[in-house]
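Presented below is the structure to which this report refers.
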Amino acid sequence: MTQAKIKIRRNIYSLTSTQIDKLIQAIKGLKATKDYDTYVETHSDKSVVDLVHGQPLFLPWHRAFLWRFEQQLNLDFGLPYWDWTDDRGQTDGKGKVTNRGPLWQANVWGGAGFPVKDGPFTVANGWETVPITVGTLSFDKQLLRGLSLAPSFGTYPTQEDIRRLFAFRPAYDPSIYDSFREEIEFGPHGYMHTWVGGLNNTNPTTSNSGHMSFFETSVNDPIFWLHHANIDRLWAQWQRLFPKSPVQAPGMDGNTYMPPTFGKDGQMYVKDVLDLSKLSYLYEEPQQVSATFRGTDTPPPYIDYDKFFYTTSTSLKQGEAFVWPTTAPTKNTNTSSDAGPALAYIHAKREAINAFRGEDGNEDLFTSTQVAGGTWTAKSSFETNGQGSYKSAGELGLAWFKEKLYCVYRGPGGDEQLYVTARDQKGIWSLATPLNGSGLNYSNSGAALAVYNNTLYCVHAGARNHDDFLWWSSTTDGVTWTQDQQFPGSYSIARPALAVLRERLYCVHRGGRGSDGNQLHWTQLIATATGLSWEVSNALPNHIIDDGPGLAIWEGVEQRKPTDPPQLVQRLVCLYRTPDKLAGLRYATAKVESNYILSWSPEQPAKGTTQASPALFTGPLALK
């Protein structure tokens, strides 16, 4: 495969009328050369149909099938997808729900009919389908399309139906891929095939059952490609939600050789289609980087004068470079604290958790939840099932690890010992215990948690005897922690932040009590001859910080100039407050250069003010 510039597959409703016309003409161009008919015949070949429908190969083979077709279209944009939920609830203008959106107008894809009488894909407009016999039904050269289905076949998919496809499962379950494949293939995939075709299961004829209703004839209707692009988009989202889950099932793994996708040609291995960037396309699925921070303690000129939490999120389209939002942050009147927040994002649940101590001297611990980018819930105390209340005088560390939510925090009052507790899936927090059981982990500020290579890492600033070194420990099972180890030449007097970028664990932190104490620093975990260790931190003299930073990873497609091809990029996003009297927020981004060195952008202002450490997470994914 030759690496080409990345194309973005966008929602059909995001395309201009000129782009839609180009797409239709490219499809009809393949029909004129008979190449389109080869795709129809390939998908109707029983030796192919039986291997790629109702089988684990369904998703990877169809991805390869679409990719081959997209290459032949040779457009300057990607094959669009049809998100069926966009059309749900559409009416005929007289109050009757038809679920037929603008896509089905005569000047776009054409409407329903046995045969279809309007739009670009009629015999009168040069579109003749490949004659195929399915059982007792003989389809001739005219396109047949119903755009309706009896309720007994199920219901038109809702956004909630689509979200249920991503129902939370243990990521290590080896059957997780094929469970998802079955649910999407026999659920919305199959339903929408028959909805477009208009299948009459009681007495199917070519007067009531269209081309899309049957495997063998479905490619004759060009909506096939937009429909399957949406299936592929949802699988791509599943891959991002479960990145460690193998795409395998009985009889199939990455080394399985798939059937041809174009006549006798176009065979690929399953492993060849698992990384979209290597296929030179991505879906228009912008990520959100969301920040939460508490207000300030002092009256104006501070903007956010209170102890409530504030939230702001980016909203970027593919092709746009990362920039922080210019809109004012949203106040969350349900939550407030004397300290900064700790955030964890559970991708499989599309759920963000904020853990924090109370306000006005209240050291009890609380959580608040945000689902799929919605509003934050009212705060609730840690549910300990009668094991007492948990308290802290500092900022917390939070991470999702081995199907539990872990929290590390320093004790209340003058207790600088670090404690760990974990919340199970019933919402109950375990009995809090000293971090490594020996009572030797101390912090005056708080800890940061991150999962890296199936290990949970904890990094924190010291406490006793004015210890401003950074320290770290880890656990592979969530129970037994390693003894605290000191970072070589790295100091901090605030809670650090952790993030994994390009398969490396990075730590960003404020300095210690020395002359560079108000500078941003970064370091990375590396392998040495004697085991894992952290590099000596690198100071960033032009990035001035007070309190601890917040970190997140943004992944998207950037296009530096309109004439440049889009490129997949990953950035580390860092948000922090400045030590000036306005307590303003600043942000900077970093990219990985050679030898995993971070190259930082200049710091830039961000909306909002705070007198504590902010926190960030990446999500929610566009699961709709």
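Points to keep in mind about this one:
- Carbon and sulfur %, accessible surface of the chain computed with the full protein complex present, 1.4 Å: 49 percent
- Most tightly packed first, judged by the mean number of other beta-carbon atoms within 10 Å of their residues, the peptides 355-361, 529-535 read 355-361, 529-535.
- Heavy-atom accessible area per residue - the chain, 1.4 Å, Å²: 41 Å²
- Environment charge of T98, counting only residues whose C-beta is closer than 12 Å and scoring Lys/Arg +1, Asp/Glu -1: +2
- Selection from A321, A106, G54, by position along the positive dipole direction of the chain (Cβ): A106
- Residue-count net charge about L456 - beta-carbon cut-off 15 Å; Lys, Arg +1, Asp, Glu -1: +1
- Projecting the Cα atoms of P412, S368, Y36 onto the dipole axis of the chain, where Lys and Arg carry +1 and Asp and Glu carry -1 at the beta carbon, places Y36 farthest toward the positive end.
- Counting only Cβ charges, +1 for Lys and Arg and -1 for Asp and Glu, the dipole size of the stretch 162-282 around its Cα centre is about 380 debye.
- Listed pairs K5/K591; K28/K271; K349/K379; K379/K404 exceeding 27 Å between Cα atoms: K28/K271
- Average projection, convex hull of the Cα set of the stretch 356-508: 10.0 square nanometres.
- Expressed as a fraction of 2.2 N^0.38 Å, the C-alpha radius of gyration for the stretch 34-162 is 1.20.
- For the residue pairs K331/K391; K7/K34; K244/K391; K31/K117, alpha carbon separations beyond 27 Å are given by K244/K391.
- Point-charge dipole on Cβ atoms (K/R +1, D/E -1) for the chain, about Cα centre, debye to 20: 700 debye
- Structure-based [θ]222 nm, the chain - -39500 (n - 2.57) summed over DSSP H runs of at least 4, per residue, nearest 500: -4500 deg cm²/dmol
- Options (1) 29.8; (2) 26.3; (3) 31.3 - which one matches mean projected area of the Cα convex hull in nm² as calculated here: (3)
The values are calculated or read from the model by the stated rules, or taken from the named source; none is laboratory data. Keep in mind the model is a prediction, meaning the values are calculated, not measured. A quick note on method: Cβ atoms are made from the backbone with ideal geometry, for glycine too, and the neighbour counts reach across all protein chains shown. Calculation scope for accessible area: heavy atoms of the full protein, side chains included, ligands and nucleic acids excluded. Shrake-Rupley method; radii C 1.70, N 1.55, O 1.52, S 1.80 Å.
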